[in-house]
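For reference, the structure is listed below as C-alpha cells.
The values are calculated or read from the model by the stated rules, or taken from the named source; none is laboratory data. Predicted model only: the values in this text are computed from it and were never measured. FYI the Cβ positions are ideal-geometry reconstructions off the backbone, even for glycines, and counts take in every protein chain you see.
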C-alpha cells in the first residue's frame with residue numbers, strides 16, 4: 001500500500017508498507033514540527049531541514065509506541081526506563 005501527502009507547497013511525502021495507518025497522523029506531526037520552527041506552508045525549506053524534522057518526528061513516534069506497547073503495562077515511561085530500567089527489570093545478557 002502507498003499513501004502520500006503535502007508537507008508544504010514545495011514538498012510531498014510518500015509512505016509505503018503493509019500498514020500505513022499512521023501515515024496521515026505522522027505527516028500532520030511533521031507539518032506541526034515545521035510550523036513550530038516558523039516554516040510557513042508557502043516557504044521553500046531545504047532537504048536537510050526536512051530530513052531532520054522527519055527523523056525527530058519518527059523518533060518521537062517510536063518512543064510513543066515503545067511507551068504504549070512495551071512499557072505501559074509496567075507503568076514506566078522511556079525516560080524512567082532509561083534512568084532506572086535495570087532497577088525495574090534487572091540486567092539483561094549479563
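Before moving on, here are some points about what is shown:
- Qualifying residue in the stretch 41-55 (condition: under 30 Å from residue 89 (Cα atoms) and either modelled with pLDDT under 90 or surrounded by 10 or more Cβ atoms within 10 Å (Cβ to Cβ) (or both)): yes
- Scanning the stretch 1-21 for residues that are outside any strand (DSSP E or B), without any contact (Cβ under 8 Å) to a residue 40 or more places away in the chain and within 22 Å of residue 37 (Cα to Cα) turns up 8, 9, 10, 11.
- Of the residues contained in the stretch 58-66, one or more are found to be in a helix (DSSP H, G or I), more than 29 Å from residue 9 (Cβ to Cβ) and touching a helix residue (DSSP H, G or I) at 6+ places or on another chain (Cβ under 9 Å).
- Scanning the stretch 22-51 for residues that are in a loop (DSSP other than H, G, I, E, B) and over 15 Å from the mean Cα position of the chain (by Cα) yields 37, 38, 39, 40, 41, 42, 43, 44, 45, 46.
- Here the stretch 1-27 is the region considered, the condition is being under 15 Å from residue 59 (Cα atoms) and surrounded by fewer than 16 Cβ atoms within 10 Å (Cβ to Cβ), and the residue that is modelled with the highest pLDDT is 25.
- Qualifying residue in the stretch 72-92 (condition: surrounded by 10 or more Cβ atoms within 10 Å (Cβ to Cβ) and in contact (Cβ under 8 Å) with a residue 24 or more places away in the chain): no
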